[in-house]
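Worksheet: the structure to be examined is printed underneath.
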Amino acid sequence: MRKYDLAVVGGCSAGLAAAINAKRLNPSLDIAVIEKLPRTGKKLLATGNGKCNITNLYALDHGYVNKGFASFAINTYNPNKIVEFFASMGLLTYSDSCGRVYPESNMAASVVDALRFELDKLNINTVCDTPVTDIKKSDGGFIINGNIFCKKLVLAAGGKSSAPQGSDGSGFELAKKLGHTVTETVPALVPLNSKPEITKPMKGMRVRNAVLTLKGEKNLAKTQGEILFTEYGLSGIAAMELAAPAQKYINSVKYNPFTMIDFLPDMSYNELLDYLKNLNKIKGFCGIDNLLTGILPKAVGIAVCKACNLYSAERLISELNDKDLRRVAEKIKNFSLEITGTRGFLNAQVTSGGIKTEEINEKTMESKICKNLYLAGEIIDVDGGCGGFNLQWAWASGMLAGELK
């Protein structure tokens, strides 16, 4: 039986951060990272459209799920500390106007290489191609798969998102075997399904800065940002950030919610109405399919007119009366779209839900239920929006767990 001082189950962001920090703080420790895939860090290669959005400089103010629990880790290992962490491995970064931090190379592979090289430098063992199917508490530690013993254990096996990259939900089952409770899990940061007969004609059309309000029996969530229409529904950051509350509502209430889209939040209804009335003077001779081409993609403008029951290929803009224009203005500010579900865990960037935070010491990441067990990353019921916030949580919680207090 192979024996280690510390075993880390899960060889991606949180797990690698935990192993590296543990070894740096305690160089004498014999540490192993156990990974089910042939190599560590695979999921990182797909993040940030292949650029790897490492963190976000505004993470301290971000509205994480269970932020009260997550705050200690995120403040202790804040975004600047994460930038320093990677700089210590030779990886330089830059930030954009939204606070998103990327590797200077713009290549996720650079992030993965930095972590792998550091594992080698610190003589941390990597045990790949090794799915963990069983963990038992033993006198003085844990026995993994019946043939690996460790005194302390970090469970950082991810959630259910992107199973081909290693996160298939198996970590939740391991946590349950060790006495933990797992909350409802749903895909988060994933495109939404809707009525294809409405969205398919707008396929490929983007709206730069829409406000989306998710409504059930009451307002469920609100986002703002870019949306992208697809043949199956909605994508883009603002839409994907509604995925978790939408799926939870569908699961619990068994009814589909709606998202109300304000395509032009920077214009009031009255300003918009004045704009539309002025179009009669500017291009009243044009067909109604060109009514909104000055403010929206043409296909989106046609969808708005169809939703108002005003669209006709032969109709001219000059034929619209004040009542018609008011309906158009109202629809631009409140375009209703039924949400029938999401694109699922396979397409999700992150899992919402996980191990109950009440069962974990937020200042150490140690389990309150199982001594010498530490939890980190997506496996815990903490998640955030797009923009590097979830990787910030992964690094921070992993490094805090690696202190092994």
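Readers should treat all values here as calculations from the given coordinates under stated rules, not as data from a laboratory. Being a predicted model, the structure only gives us computed values, none of them experimental. For neighbour counting, all protein chains shown are included, and Cβ atoms are generated from backbone atoms with ideal geometry for every residue, glycine included.
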Cα-Cα pairs above 21 Å in the stretch 318-391: how many percent? 57 percent
Helical mean residue ellipticity (222 nm; -39500 (n - 2.57) per DSSP H run of 4+; nearest 500) of the chain: -9000 deg cm²/dmol
Going 7 Å from the Cα of Leu122 toward and past its Cβ, which residues in the stretch 382-405 have a backbone nitrogen under 14 Å from where you end up? 395-405
Loop only by DSSP, 13 or fewer other Cβ within 10 Å of the Cβ. Give me the trypsin sites (Lys or Arg not before Pro) in the stretch 160-234 that pass, ordered by residue number. Lys203, Lys218
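Which of rounded, prolate or oblate describes the stretch 76-205 when judged by the alpha-carbon gyration tensor and an a/c cut-off of 1.5? Walk me through the numbers on the way to the answer.
Numbers: a/c = 2.39, a/b = 1.23, b/c = 1.95.
Judged from the Cα gyration tensor, the stretch 76-205 comes out oblate (a/c at least 1.5, b/c at or above a/b).
For a test of the definition: using alpha carbon positions, the gyration tensor, and the 1.5 limit on a/c, classify the stretch 191-343 as rounded, prolate or oblate. Display every interim value, and only then the final one.
Values: a/c = 2.23, a/b = 1.95, b/c = 1.14.
Since a/c reaches 1.5 and a/b is larger than b/c, the shape of the stretch 191-343 is classed as prolate.
Show me 36-47, 387-398, 320-331 ranked by packing, highest mean number of other Cβ atoms within 10 Å first.
On the way: 36-47: 18.4, 387-398: 28.9, 320-331: 16.7.
Descending packing order for the listed peptides: 387-398, 36-47, 320-331.
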Out of the stretch 192-237, which GluC sites (Glu not before Pro) are coil in DSSP terms and have no more than 11 other C-beta atoms within 10 Å? Glu217, Glu231
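Tell me whether the chain comes out rounded, prolate or oblate; compute the Cα gyration tensor, take square roots of the eigenvalues as a ≥ b ≥ c, and use a/c under 1.5 as the rounded threshold.
Values: a/c = 2.92, a/b = 2.33, b/c = 1.25.
The shape class here is prolate.
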For Thr93, which sequence-distant residues (separation of 5 or more, or a different chain) have an amide H within less than 5 Å of its own amide H, given hydrogens modelled in the peptide plane? Glu104
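When the dipole is taken about the Cα centre of the chain, and only Lys, Arg (+1) and Asp, Glu (-1) are charged at their Cβ, what size is it in debye, to the nearest 20?
Working: 48 positive and 40 negative charges, 73 e Å.
The dipole of the chain has a size of about 340 debye.
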